[in-house]
Amino acid sequence: MRNILPLAGIAIGVTGLAIDAAMIFPSMTVVSATNPVARSFPDVFVYFWSYFTHLTNLWLVVTYLA
């Protein structure tokens, strides 16, 4: 049981990252009404990475305040 829960948590986290990447990358690399300029892959990757950095920092603050 001790080994199953951390592996399940890692699997859930990786699945969440994959779902978010599948939503963010295609929408940022093409031109649309909400995205007037198509971004390059490195630019989208930096956007994606900074999004999760800010999200993680937010949850750290919430955890510290709790």
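In table form, for the structure just shown:
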| quantity | calculated |
| --- | --- |
| Probe 1.4 Å, protein heavy atoms only - accessible area per residue of the chain in square angstrom | 83 Å² |
| Accessible carbon and sulfur surface of the chain relative to its total accessible area, %, 1.4 Å | 76 percent |
| Folded to 0 to 90 degrees: helix 4-29 orientation relative to the chain principal axis, Cα | 10 degrees |
| Compactness of the chain - radius of gyration and Dmax, Cα, Å | 15.6, 49 |
| Distant-in-sequence amide H partners of residue 39 (H built 1.01 Å from N, under 5 Å) | 29, 30 |
| Gain in span if fully extended, residue 65 to residue 12, counting 0.36 nm per residue against the direct Cα distance | 16.6 nm |
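The values are calculated or read from the model by the stated rules, or taken from the named source; none is laboratory data. Being a predicted model, the structure only gives us computed values, none of them experimental. Heads up: the accessible areas ignore ligands, DNA and RNA and are worked out on the full protein's heavy atoms, side chains in. Shrake-Rupley method; radii C 1.70, N 1.55, O 1.52, S 1.80 Å.
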